[in-house]
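Just so it is clear, none of the values below were taken in a lab; they were calculated from the coordinates. Bear in mind that the values here come from a model prediction, so they are computed numbers and not experimental data. Cβ: placed from backbone, ideal geometry, glycine included. Neighbour counts: every protein chain shown.
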């Protein structure tokens, strides 16, 4: 008979035994070793029926398709831009996906995005080698001007955003700041200097207390104590709701792929230097 | 004279007092301190991150790089020349090999995880302390690991097997072997086994058996260090 060795929402470290027997199933962040289910990383346990999994508490952002991230332009290339993603990998923003405008051959690309520019962009593809393609086509995707940037633990982003963007829209509304939260843990805040500083404080507080239940109430009273009024009728705007797709940000460390999508096989492309060659091949085959 | 009593009065299988703390370097992705007796090791983990030069990249998995360094004022009072030396290179290499079996870096092709181990104070057993600290730091960095790694130096002094040798014992001239051992505490698999001195096959088996008990104690402290950090976050 199987036995659970931990409770729900326990902090476990790698190598800790979570359950014995075949009655329980190993979920994300765990593995089975003979009769036992063992923790494969640091995190909080989550027991759902027979499945035991681990919600990660630490770690770098892992790029996922369809995530909205805030990146920094680090290089301007011939056919696009290289973007820092606050993960282990840099991303590529190609001309095709960068803007709706027509870009002439030989144009100065820094006119669109230059070094150090912050952009809100969407990940359109992640290959098996973690080559990332970004796009700027979509609602709310834009270059950011001014404001300030803070980095938070990417695993706490879902909490900062809240259900359907409720948390971030509450802070936005009360402080009058413009806030964009990237799935990669980069948060951009812009407003009056005083409000901006306070919004930073609030976001940091949400990050610190992300695990507490009833956090929305706490944040609300925190805002009110400091002289901000929270409008109960405030609804998340278009760009907040954008992150609200529950399939998109789950924060449980599981990587989900749409049906039929495979990460291995398929075309392998090496950033900038592959495309001209592809074109040559096409030309040859047409002949 | 036979070696009946340890120089510092410990029992034969008794460790020096030891403690650990996770998350001490704020800028790092993961970090830890591990102190055993007068040996103190700090470890900081950066990454996974981009790896350059490119020829070092491995397209099938991320790589691990360890840097072991004794600070100039650590040790017995003789100034240690700063920078790389043959010994530090060797220890960096064995540390890497001791930690790699538990790490799963397949999710991070072409990337690197850097582990920096600094020792401000040493009294033998520094590579073991370094491995213990690094293992906590790697878990703190949120990497996939199948177990913690705990390490301890076992010694043979004359006919006695002693656990956790200090510098005085290491320098004992009446027949001494020093055996640093790193182990996965859950399964008892070895990831580091070195020897300095002479040792019979039988004594080696005794040494490994002695390490098993010590490693369990260390693992508990490592686990508690991580829990303290994240429980602290919860309050």
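The figures follow:
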item: Inter-chain shielding of B:133-145 (mean C-beta neighbours from other protein chains, 10 Å cut-off); result: 5
item: Simple spin-label estimate for residue A:230 and residue B:206 in nanometres, 7 Å along Cα-Cβ; result: 6.8 nm
item: Rg [Å, one decimal], Dmax [Å, integer] - the range A:2-80, C-alpha atoms; result: 17.7, 59
item: Space enclosed by the convex hull of the alpha-carbon atoms of the range B:19-134, per residue, Å³; result: 108 Å³
item: Chain B: relative contact order as a whole-number percent, Cα under 8 Å and 6+ apart; result: 22 percent
item: Equivalent ellipsoid semi-axes - Cα gyration tensor, chain B, angstrom; result: 30, 19, 18
item: Hydrodynamic radius by Kirkwood, which averages 1/r over all alpha carbon pairs of the range A:46-170, in angstrom; result: 16.2 Å
item: Calculated FRET value between residue A:218 and residue B:76, using beta carbons and R₀ = 35 Å, to 0.05; result: 0.05
item: Theoretical ellipticity at 222 nm over chain B - DSSP helices of four or more residues, -39500 (n - 2.57) apiece, nearest 500; result: -9500 deg cm²/dmol
item: Under the Debye formula (equal points on every Cα, no solvent term), log10 I(q)/I(0) of the range B:149-198 at q = 0.30, 0.31 Å⁻¹; result: -1.09, -1.13
item: Ranked A:206, A:103, A:119, criterion: other C-beta atoms within 10 Å, fewest first; result: A:103, A:119, A:206
item: FRET E, pair residue A:66, residue B:104, Förster distance 25 Å, beta-carbon r, rounded to 0.05; result: 0.50
item: Degrees, to the nearest 10: B:126-140 long Cα axis against longest axis of chain B; result: 30 degrees
item: Descending principal axes extents, the protein assembly as shown, alpha-carbon based, whole Å; result: 89, 67, 54
item: Extension gain (nm, one decimal) between residue A:192 and residue A:142, 0.36 nm per residue minus Cα-Cα; result: 15.9 nm
item: Percent of alpha-carbon pairs separated by more than 13 Å within the range B:1-64; result: 74 percent
item: Label-point separation, residue A:135 to residue B:54 (7 Å along Cα→Cβ), nm; result: 2.7 nm
item: Which of B:209, A:225, B:170 has the fewest Cβ neighbours within 10 Å, and the rest in rising order; result: A:225, B:209, B:170
item: Label-point separation in nm, residue B:97 to residue B:13, each point 7 Å along Cα→Cβ; result: 2.9 nm
item: Fewest-first sequence of B:191, A:202, A:20 by Cβ atoms within 10 Å of each Cβ; result: A:20, B:191, A:202
item: Folded to 0 to 90 degrees: helix B:86-99 orientation relative to chain B principal axis, Cα; result: 70 degrees
item: Rounded if a/c under 1.5, otherwise prolate or oblate - the range A:147-245, Cα gyration tensor axes; result: rounded
item: Amide N of the range A:131-174 lying under 17 Å from the label point, which is placed 7 angstrom from the Cα of residue A:114 along Cα→Cβ; result: A:143-147
item: Kirkwood-type radius of the range B:166-235, with distances r between different C-alpha atoms, in Å; result: 14.2 Å
item: Computed FRET value (nearest 0.05) for residue A:79 with residue B:5, which takes r as the C-beta separation and R₀ as 45 Å; result: 0.05
